[in-house]
Amino acid sequence: MPAVATIAQEILELKKQRNATLLAHHYQEPEIQDLADVIGDSLELARKAREFSGNVIAFCGVWFMAETAKALNPSKIVVVPDREAGCSLVDACTVEQVREFRRTHPDHAIVSYINTSIEVKAESDILCTSRNAVKVVNSIPPERPILFLPDRNLGLWTQKETGRRNMEIWQGACIVHATWPARRVVEAKAEHPEAKVAAHPECPESVLALADFVGSTSAIVDWCRASKAPGFIIMTERGVSYTLEKESPGKRFWFLPNDQCNCSDCPYMKMNTLEKLRDCLLRLEPRVELSADLIEKALVPLERMLALK
Ligand code: 13P
Ligand code: SF4
């Protein structure tokens, strides 16, 4: 089996030949992050995809993120290391369900988390990410009822932050974040009393209630960098530890096992490997292909979100 350094070299050469940009989410393994042109949360990666000017985007994250990049770059090639890298939130909400809701609730504004299929995005009024959900909900006239989908925990947290009452919340969940029991956080706080708790809003309400900070992956990185605390209990996927340690040298970070895998890894994000990344740049497959009609519809709510400063 070729060494990591050899595969990394092959990837760098292919990147040059293909005029490719490598976008990586914080949850990717360090060897992938090391090769990336941009590492970020889902909002930052969507913004970067929008500024893209090369020929190929190799998206190291999950499929819905690559679909978003393709919608923003219809004439460019967007490839992913593993087509099976999905998301439990995408699976929690089908386009048929959303169409049925629209038919029966024509007055509602449908706010869709970016963790949805491109078909669901195309039926939505506006998108949001974990970083801007509060801003997006506040951008909707107060008298207009809202359906927030598909993440229950992000929806509840956003409702609490905005004080919005006329908001229905879908009951989807992330298999990683929603399976952290609050007792683990209580135990970790007892073990590390000097540590602050930073949590992703996909965590259950009981976990968020114990957090000193709630925000997206990049917001967590920024908050820990700015904080004077010596250590942090981090309630999100383990991959973010690589950036946290680079950005906050000397501080300590603890990740807790959840009830799903007794770990803090997203099984979908971790399907991507260096070998698969090299192969997708070589073969230009698996590739995201979307119809022009779908792109046109999905761009409306996506651009509405990106226009919010
Ligand atoms: P971010 O919006 O923080 O990138 O989170 C995306 C995600 O999938 C969290 O599980
Ligand atoms: Fe989806 Fe959860 Fe994985 Fe994020 S961590 S990609 S929400 S399954």
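If the condition is being touching a strand residue (DSSP E or B) at 6+ places or on another chain (Cβ under 8 Å) and surrounded by fewer than 23 Cβ atoms within 10 Å (Cβ to Cβ), then the range 94-125 contributes 101, 102, 105, 108, 109, 110, 123, 125. Total residues in the range 155-188 satisfying the condition of being outside any loop (DSSP other than H, G, I, E, B) and surrounded by fewer than 22 Cβ atoms within 10 Å (Cβ to Cβ): the figure is 16. Only one residue in 233, 220 is surrounded by 19 or more Cβ atoms within 10 Å (Cβ to Cβ), away from ligand 1 (no atom under 16 Å from the Cβ) and closer than 22 Å to residue 131 by Cβ, so which one is that? Only one candidate qualifies: 233. Restricting attention to the range 82-119, the residues being hydrophobic (A, V, I, L, M, F, W, C) and within 15 Å of ligand 1 (Cβ to nearest atom) number 8. With the structure loaded, tell me whether residue 90 is touching a Phe, Trp or Tyr at 6+ places or on another chain (Cβ under 6 Å), more than 17 Å from residue 285 (Cα to Cα) and open to solvent by 20 Å² or more (accessible area, probe 1.4 Å) or whether it fails that test. Criteria met by residue 90. Residues considered: 282, 274, 208. Of these, the only one that is farther than 27 Å from residue 172 by Cβ, surrounded by 20 or more Cβ atoms within 10 Å (Cβ to Cβ) and either more than 19 Å from the chain's Cα centre (by Cα) or within 16 Å of ligand 2 (Cβ to nearest atom) (or both) is 274.
Within the span defined as the range 101-123, one or more residues are touching an Asp or Glu at 6+ places or on another chain (Cβ under 7 Å), farther than 30 Å from residue 278 by Cβ and not in a strand (DSSP E or B).
For the structure I just gave you, tell me whether residue 45 is part of a strand (DSSP E or B) and within 16 Å of ligand 2 (Cβ to nearest atom). No, not satisfied. When you go through 152, 131 one by one, which is the residue that is open to solvent by 20 Å² or more (accessible area, probe 1.4 Å) and in contact with an Asp or Glu (Cβ under 8 Å, 6 or more places away or on another chain)? The match here is 131.
Exactly one residue out of 186, 137, 207 is without any contact (Cβ under 8 Å) to a residue 40 or more places away in the chain and touching a Cys at 6+ places or on another chain (Cβ under 8 Å), and it is 137. If the condition is being closer than 22 Å to residue 270 by Cβ and surrounded by 16 or more Cβ atoms within 10 Å (Cβ to Cβ), then the range 236-252 contributes 236, 237, 238, 239, 240, 241, 242, 243, 244. Could you tell me whether any residue of the range 17-40 is touching a Leu at 6+ places or on another chain (Cβ under 9 Å), in a helix (DSSP H, G or I) and within 16 Å of ligand 1 (Cβ to nearest atom)? Looking for residues that are touching a Leu at 6+ places or on another chain (Cβ under 9 Å), in a helix (DSSP H, G or I) and within 16 Å of ligand 1 (Cβ to nearest atom), one finds at least one in the range 17-40, hence yes. Within the range 64-79, the set of residues being open to solvent by less than 10 Å² (accessible area, probe 1.4 Å) and among the small types (Gly, Ala, Ser) comprises 66, 69, 71. Against the test of being of a type in the set (A, V, I, L, M), within 19 Å of residue 130 (Cα to Cα) and at pLDDT 95 or above, the options 14, 23 yield a single qualifying residue, 23.
The values are calculated or read from the model by the stated rules, or taken from the named source; none is laboratory data. These numbers were taken from a predicted model, which means no experiment stands behind them. Quick reminder, even Gly has a Cβ in these numbers, built from the backbone with ideal geometry, and neighbours come from all protein chains shown. These accessible areas exclude ligands, DNA and RNA; they are computed on the full protein's heavy atoms, side chains included. Shrake-Rupley method; radii C 1.70, N 1.55, O 1.52, S 1.80 Å.
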